[in-house]
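Novice: Let me give you the structure first, and then I'll get to my questions.
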Amino acid sequence: MAESLISGILDNDHIAVSRAISLIERGEAVSRTFYSNLYSHTNKAVRFGITGPPGSGKSTIINEMIDCILLNNKSVGVVAVDPTSPFTGGALLGDRIRMNKYTENDQVFIRSMGSHGDLGGLSQMAQETGDILEASGKEIIIFETVGVGQAEHDIIKAADLVIVVLVPESGDEIQLMKAGIIEIADLFVINKSDRQGAGRLAQLLKNTLHSFSNKDRLEPPVLTTTASQGEGISELYQGAMALLDTLASDGHLEERRIERYRLRVLGLIRNQLENEFWTSKRKELFYQSTASIESLDQSPLDMANQLIQGKINAER
Ligand SMILES: Nc1nc2c(ncn2[C@@H]2O[C@H](COP(=O)(O)OP(=O)(O)OP(=O)(O)O)[C@@H](O)[C@H]2O)c(=O)[nH]1
Ligand SMILES: [Mg+2]
């Protein structure tokens, strides 16, 4: 089965792509050969991360970008990740609608995924979905997330280029974001610039970015769009591709890909070791030993060591 699935993916058969992603989402054991075979066909696509506050227009921008990408004779895969929504087993409503527009087009594949409650796993899942799309031949892969929590941060950090979308009302957010998002953003977009205040925010943002700039990092460009009217999207696409070229020529892209690879391996090891560690017996022991407030006399460190020690003993 795995072999036919792989050849389907490599043939860009979207049914096979969909099935493979579902396997990964359901947490079904994907065989090691399946994954190794798949991985050997990746590493050619570029990965964009698009993040920003809820409703800022990320999906609208991506929709418009898809048209732009197709006009440039490239193919695209979109992974919309929503950690707050429960696992849906398929598309979220909005994406289901936009997916219909492209169902007949084998150069576009769009998928939404929610969380099983296991946020660490969500980032791995998104990456693996990216691998499948890449193996199917998609040249550009876009990850969409709402920019707040750790899970999104992990997903976005795994991109080659991070685009942060703001709206004219986001002025106050810039203060809040300084530390977090400004660190990971390569390019800012002020969307809904049909509304008042877009120019002012762009200037405020540019000033802020300038005060944060240093010689090791490019100062992120600030672009404006009105995605609902398709305005500024082609400039955004060209700007993102040009920036990517710069990152590639100054060595930053390679650095990022090495970092992404490392983070994935570290995440897999952490997940696997934790899964092995938490046998039902050990879980039971843990919850029993912490059932009442009186049972918390032992320090957390002693409790952890006792559980770990149990593992060592069990192995001997
Ligand atoms: N006025 C105006 N509205 C826009 C623009 N771009 C998008 N919208 C509208 O803003 C709303 C939210 O757009 P989405 O693209 O769904 O935003 P999002 O960031 O993907 O939202 P979440 O995924 O829910 O976080 C929709 O009603 C869009 O039609 C724009 O440039 N101007
Ligand atoms: Mg969206």
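Any read-out appearing in this document is the output of simple, stated calculations on the displayed coordinates, not a laboratory observation. Being a predicted model, the structure only gives us computed values, none of them experimental. As a convention, Cβ positions derive from the backbone with ideal geometry for all residues, glycine included, and neighbour counts pool all protein chains shown.
Novice: Against the longest principal axis of the chain, how steep is helix 198-212, in degrees 0 to 90 to the nearest 10, with axes from Cα atoms?
Specialist: Long axis of 198-212 versus the principal axis of the chain: about 60 degrees.
Novice: What residue among Ser112, Gly55, Thr226 has its Cα farthest toward the positive end of the dipole of the chain, where the charges are +1 on Lys, Arg and -1 on Asp, Glu, each on the Cβ?
Specialist: Checked the options; the winner is Ser112.
Novice: Based solely on its DSSP helices, what 222 nm [θ] is calculated for the chain when runs of n ≥ 4 H residues each add -39,500 (n - 2.57) and the sum is averaged over all residues, nearest 500 deg cm²/dmol?
Specialist: Numbers: 14 runs with 172 residues, N = 316.
It comes out at -17000 deg cm²/dmol, rounded to the nearest 500.
Novice: Find, among the trypsin sites (Lys or Arg not before Pro) in segment 208-296, those assigned to loop by DSSP (not H, G, I, E, B) with at most 12 other beta-carbon atoms within 10 angstrom. Could you put the intermediate results ahead of the total?
Specialist: Values: sites: Lys215, Arg217, Arg256, Arg257, Arg260, Arg262, Arg264, Arg270, Lys281, Arg282, Lys283; in loops: Lys215.
Those that pass, being in a loop and sparsely packed, are Lys215.
Novice: On to the next question. Using only Cα atoms, find the angle between the long axis of helix 252-277 and the longest principal axis of the chain, and express it within 0 to 90 degrees, rounded to the nearest 10.
Specialist: 30 degrees
Novice: Testing the spin-label approximation: label points 7 Å from Cα along Cα→Cβ at Arg200 and Ala291. State their distance in nm.
Specialist: 6.1 nm
Novice: So, one more: Along Cα→Cβ, 7 Å out, is where each label goes; now give me the distance between the ones at Leu218 and Gln272 in nm to one decimal.
Specialist: According to this spin-label approximation, the distance is 3.6 nm.
Novice: For the chain, what is the percent of antiparallel DSSP beta bridges, rounded to the nearest 5?
Specialist: Working: 2 of 34 bridges.
Beta bridges within the chain, antiparallel portion: roughly 5 percent.
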